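Asks: There's a structure below that I have some questions on.
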Amino acid sequence: MAFLTIAHKRCECIGCGLCIETAPDYWWMNANGEAELQRIVRTREKFEYGKGLCQDQARLMAAAAGCPVNIIRLG
């Protein structure tokens, strides 16, 4: 099974909820009103990293492209 790397900079999240609406299997809203990756596999500096299924690539790309503060990256 192939995976994509999801990088998310939660500390700069403004809580718009677009990523949660677009890919609810990958993000949830925490008590501080910030979107968080559901399954973080590692953290490096300000980014949290998770894995996304290649079959969800379109939804993940839409979440990254639609993020108003550009804090989601796919690799």
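Asks: Kindly write out, for the range 37-42 in residue order, the coupling ³J(HN,Hα) from the Karplus curve 6.51 cos²θ - 1.76 cosθ + 1.60 (θ = phi - 60°), rounded to whole Hz, with x marking Gly and Pro.
Replies: Working through the residues one at a time gives 4, 6, 10, 7, 9, 6 Hz.
Asks: Could you check the simple spin-label distance between Ala62 and Met29, using points 7 Å along Cα→Cβ, in nm with one decimal?
Replies: Between Ala62 and Met29, the label points sit 1.9 nm apart.
Asks: Give me a comma-separated list of calculated 3J(HN,Hα) values for the range 12-23, in order, Karplus coefficients 6.51, -1.76, 1.60 applied at θ = phi - 60°, integers in Hz, x for any Gly or Pro.
Replies: Result, rounded to whole Hz: 10, 5, 9, x, 5, x, 4, 5, 5, 5, 7, 9.
Asks: Asn70 label point, 7 Å along Cα→Cβ, cut-off 17 Å on backbone N: hits in the range 11-25?
Replies: 11-14
Asks: Cut-off 10 angstrom, C-alpha nodes, Gaussian network model of the chain. Which of Gly17, Gly52, Gly33 fluctuates the most?
Replies: Evaluated over the chain, the most mobile residue of the options is Gly33.
Asks: Using only DSSP helix segments of four residues or longer, with each worth -39500 (n - 2.57), what per-residue ellipticity at 222 nm results for the chain after dividing by its residue count and rounding to 500?
Replies: Estimated from H runs of four or more residues: -5000 deg cm²/dmol.
Asks: Now for a different question. Taking H as built 1.01 Å from N, whose amide H comes closer than 5 Å to the amide H of Trp27, not counting residues under 5 places away?
Replies: Sorted by chain and number, the residues that satisfy this are Gln38.
Asks: Same structure, new question: Any chance you could give the angle, 0 to 90 degrees and rounded to 10, that helix 57-66 forms with the longest Cα principal axis of the chain?
Replies: Its long axis makes an angle of about 30 degrees.
Rule-based calculations on the coordinates, nothing more; no lab input. Here the structure is a predicted model, which means the values were calculated and not measured. In this analysis, Cβ positions are derived from the backbone assuming ideal geometry, glycine residues included, and neighbour counts consider all displayed protein chains.
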